Amino acid sequence: MSSKNNAYITLSTITPVYSGKDYLESLVDKLLLLRSNLEQQNAPLRLVESIFVDDESVDGSSELLAELEQKYSWLTVITLSRNYGQHAATIAGICHAASDWVVTLDEDLQHEPELIMDLFKYQALKKLDIVYAQPKQAAHGNSWRDKSSRLVKRLIAKFTSTPQILVFNSFRLIRGSIARAAASSSISSTYFDISLSWFSKSYGSIEVDLNDQRFIEHKKSGYGFVKLARHARRLIVSAELDFTLLGLVIGFCAVLGAIGIASVAVFQKFFFPAMVSADGWTSLIVVSTFFAGVTLTLLCIGLEYLHVILLNSLGRPTYFTVDRRGDKQLADWLNSSKAGS
Amino acid sequence: MSLDAYKLFEEDSKTICIVIGLGLVGSAISKYLSYFALPLPGNTSNEDTWLNAERLATDIILASDYQANQRIELIWTAGKAGFSADENEMQKEFSFYKSVLELVQSKIGDKLNVSLISSAGGLYENSTFVNDIEDVSPQRPYALYKLKQENFLSQSGINSRIYRVSTAYGLGGKRVGLIRALLQSCISRQPVTIYASRDTLRDYIYNTDIARFVVNNILQNTAGCIHILANGRPVSIQALLSSVGRATGKQAVISFLPDDSNTKNILFHTNLLINQPAKTSLEEGVSLLYRRSL
């Protein structure tokens, strides 16, 4: 429990905005309620700012955001010069936040602000740097979107040895320093959560009620097939595919196999010529296998070098340091009876 | 002279914070303070108050509402003269600063606390490696008068916290520091002249890190002390250029004109920086600054 003169642990929320006019006022009201509750409880945690990133919104959200910014001093609006997409907008918002913790949430009330404290409780329990919210049930009413999203994530997780892909969600609690480091390292083709994974493997997820009301009411998602495909492409480019090592192994085995078969064939030819049923066939197989193996091996070696260059350009760091000294104070308060009252 | 005034979010709300000067460091402090305090009307952007001590003192006293409040925190980050200022310019600034504080103290009395942003680069200019906070070696008028500001504050009886800040960088203020100039050069291809050599070492600290430390001390109402605020990880100009190149994907257009007075390394022993929160690395800070500048 903080004394009144101790510095608070600060929290910022980041919300990319594209077509959220119908929901923004309610969202801000709920954020205000959370902010007030934390003050009334004299919590060591305070919601100090909410950053809304106007990603060239299409439904008049800009004007509404301008009004809200005038009304609330703790609300900041950043306007992007054109539509850059949710990841870029999230990164822009995080770069402007200076708080100890950051929560990213969507514009359409799919992510209820009151659930933020659940994310914090889980963070305190497991001592994590990143907590993802997971839907208890399909957020889009068991639509093709949810099914296809899950399938793509499963495939990519399998081929990249990045199991955390399965829990990626735009409703996340992130330690501020890690969020900023990941945001500052990300380029246009980086999937932000992959960038986060370069800085911390201390992540977890909790199941909460997440419902895309916009989709359920209007059967309209913020993402069409093309956008989802682009999303998947960004994920694949940012994650590290494990094919090159597999390719190297296969190529090398093919070369060894070809040498082995050639040895057996030569031995047969000289010592058991009667066993050779068709001339030339074995040679063809051996030569094809050998050169395919060599080509595959060389190709995978080249890809490994490209991989290093790509990781460098994507901004993956050699190392990063973190300060977790402030966590105990928040954990003690969250575990006390006063938290959430 | 710009100032921002705030009232802290406390149960009894009797602490007023006033930031004088909204440049690189002042704007960051003001922004960070807004997380913990309610902004008050008291913002003056009137250049006439610069060097007009009575006018500024009046603005501060009004903003403080000292009779109704128990603690008035004044954060002095103001200064127009740069490293190469002459004696005359610095004397004017010092007289202005002294007059303002004397006038304010005469009204507010014991309730007044002052946080002064001073210059580690100036005060330790001739020191190469600083392992004792008292080991100051000012050379130029800028540094001598910064020391004079500190001494005046220490001897005034005002509860004071002095922050000797290493090379600050970040967004905010009219003056464009080296790192911002390099980033702008990458974008606009405008050439930048660097008055140091490639291997000159400097300790760069992000302005938000400065703000965090200063504001936390105010919130905790810590006792008067002198602090050195530096990153603890000095880098060469060459390394800085590499960081800028990586952040932007481009190279800055630069020319080197090493000036003897600027080529000395200034490094700080990490023992002087303990009990300070973790700082933003230069790589990250440059990237953040680049992205925030877009």
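The local environment of B:SER243, defined by Cβ-Cβ distances under 10 Å, has a net charge of -1 under the rule Lys, Arg +1 and Asp, Glu -1.
Based on Cα contacts under 8 Å between residues 6+ apart, segment A:236-318 shows a relative contact order of 47 percent. Computed about the Cα centre, the dipole magnitude for chain A is approximately 920 debye when only Lys and Arg (+1) and Asp and Glu (-1) carry charge, each at its Cβ. Of all aspartates and glutamates in the structure, those lying under 17 Å Cα to Cα from B:LYS250, and not within fewer than 8 positions of it along the same chain, are B:GLU283, B:GLU284.
Leaving out same-chain residues fewer than 8 places away, which aspartates and glutamates sit with a Cα under 18 Å from that of A:LYS158? Straight-line reach from A:LYS158, under 18 Å: A:ASP193, A:GLU240, A:ASP242.
Note on A:MET275, A:MET117, B:MET90: ascending count of other Cβ atoms within 10 Å places them as A:MET275, A:MET117, B:MET90, the fewest first. Within the shell defined by Cβ-Cβ distances under 13 Å, the residues around A:SER99 carry a net charge of +4, with Lys and Arg each +1 and Asp and Glu each -1. Per residue, the average separation of C-alpha pairs within less than 8 Å and at least 6 apart gives chain A a relative contact order of 19 percent. In chain B, Cα pairs under 8 Å separated by at least six residues give a relative contact order of 19 percent.
Would you mind checking the tilt of helix B:24-33 against the longest principal axis of the Cα atoms of chain B, expressed as 0 to 90 degrees and rounded to 10? Its long axis makes an angle of about 50 degrees.
Where the centroid of each part is defined by its Cα atoms, how far is segment A:236-262 from segment A:303-333 in Å? For segment A:236-262 versus segment A:303-333, the Cα centre distance is 30 Å. Taking the square roots of five times each eigenvalue of the Cα gyration tensor of segment B:102-177, the equivalent ellipsoid has semi-axes of 25, 17, 11 Å, listed largest first.
When the Cα atoms of segment A:19-176 are aligned to their principal axes, the ranges along those axes come out at 47, 39, 29 Å in descending order. B:LEU201 sits among other residues whose Cβ lies under 14 Å from its own Cβ, and their net charge, with Lys and Arg +1 and Asp and Glu -1, is +1. Remark: segment B:204-294 carries a charge dipole of roughly 260 debye about the Cα centre, counting +1 on each Lys and Arg Cβ and -1 on each Asp and Glu Cβ. Computed over the protein assembly as shown, the P(r) curve from all C-alpha pair distances, binned at 20 Å from the origin, holds 17, 45, 27, 8, 3, 0 percent per bin.
Highest mean first, the peptides A:185-197, B:15-27 sorted by other C-beta atoms within 10 Å per residue fall in the order B:15-27, A:185-197.
When each of the peptides B:269-277, A:174-182, B:173-181 is scored by the mean number of other C-beta atoms lying within 10 Å of its residues, the order from highest to lowest reads A:174-182, B:173-181, B:269-277.
The aspartates and glutamates whose alpha-carbon is closer than 13 Å to the alpha-carbon of A:LYS269, local same-chain residues fewer than 8 away aside, are A:ASP279.
Simple rule: put +1 on each Lys or Arg Cβ and -1 on each Asp or Glu Cβ in segment A:69-185, find the dipole, and look at A:GLY176, A:LEU155, A:HIS87; the Cα lying farthest toward the positive end is A:LEU155. Short to long, the 5 Å bins of the Cα pair-distance histogram for segment B:49-141 hold 2, 12, 19, 19, 15, 13, 11, 6, 2, 0 percent of all pairs. For peptide A:87-97, the mean count of partner chain Cβ atoms within 10 Å of a residue's Cβ comes to 2. For the pairs A:LYS21/A:LYS227; A:LYS121/B:LYS14; A:LYS328/B:LYS80, note any where the Cα-Cα span goes beyond 31 Å. Over 31 Å Cα-Cα: A:LYS121/B:LYS14; A:LYS328/B:LYS80. Can you pull out the trypsin sites (Lys or Arg not before Pro) in segment B:19-98 whose DSSP state is coil and whose Cβ has at most 16 other Cβ atoms within 10 Å? Taking segment B:19-98 and a limit of 16 other Cβ atoms within 10 Å, the loop trypsin sites (Lys or Arg not before Pro) found are B:LYS80. Here the residues A:LEU68, A:LEU299, ranked from fewest to most Cβ neighbours within 10 Å of their Cβ, fall in the order A:LEU299, A:LEU68. Shown here for segment A:228-336: chymotrypsin sites (Phe, Trp or Tyr not before Pro) in loop regions (DSSP other than H, G, I, E, B) with at most 10 other Cβ atoms within 10 Å, namely A:TYR319.
For segment A:52-129, trypsin sites (Lys or Arg not before Pro) are listed when DSSP marks them as loop and at most 13 other Cβ atoms sit within 10 Å of their Cβ; the list is A:ARG82, A:LYS127. Does segment A:77-123 come out rounded, prolate or oblate by the C-alpha gyration tensor, with a ≥ b ≥ c the root eigenvalues, rounded set by a/c under 1.5 and, if not, prolate when a/b is larger than b/c and oblate if not? Oblate, because a/c is 1.5 or more while a/b does not exceed b/c. Placing unit charges on the Cβ atoms only, positive for Lys and Arg and negative for Asp and Glu, gives the protein assembly as shown a dipole magnitude near 1360 debye about its Cα centre.
If you look at the Cα atoms of segment B:220-284, you get an Rg and a Dmax of 15.9, 46 Å. Under 1.5 on a/c is rounded, so check that first for chain A, then, if it is not, pick prolate when a/b is larger than b/c and oblate when it is not; a ≥ b ≥ c are the square roots of the alpha carbon gyration tensor eigenvalues. It is prolate, given that a/c is not under 1.5 and a/b is the larger ratio. Could you check what % of the DSSP bridge pairs in the protein assembly as shown are antiparallel, to the nearest 5? Antiparallel bridges make up about 25 percent of those DSSP assigns within the protein assembly as shown. Distance distribution P(r), chain B, all Cα-Cα pairs, bin width 5 angstrom from 0: 1, 5, 12, 16, 18, 17, 13, 10, 5, 2, 1, 0 percent. What is the distance in Å between the Cα centres of segment B:128-195 and segment A:63-111? What the calculation gives is 33 Å, centre to centre.
Working note: 222 nm ellipticity from helices only, DSSP H runs with n ≥ 4, each -39,500 (n - 2.57), summed and divided by the residues of chain B, gives -12000 deg cm²/dmol to the nearest 500. Relative to the longest principal Cα axis of chain B, at what angle does helix B:87-108 sit, 0 to 90 degrees, rounded to 10? Long axis of B:87-108 versus the principal axis of chain B: about 30 degrees.
We did not get these values from a lab; they are worked out from the coordinates using the rules stated. Computed from a predicted structure; not experimentally measured. Virtual Cβ from ideal backbone geometry, glycine too; neighbours counted across all protein chains shown.
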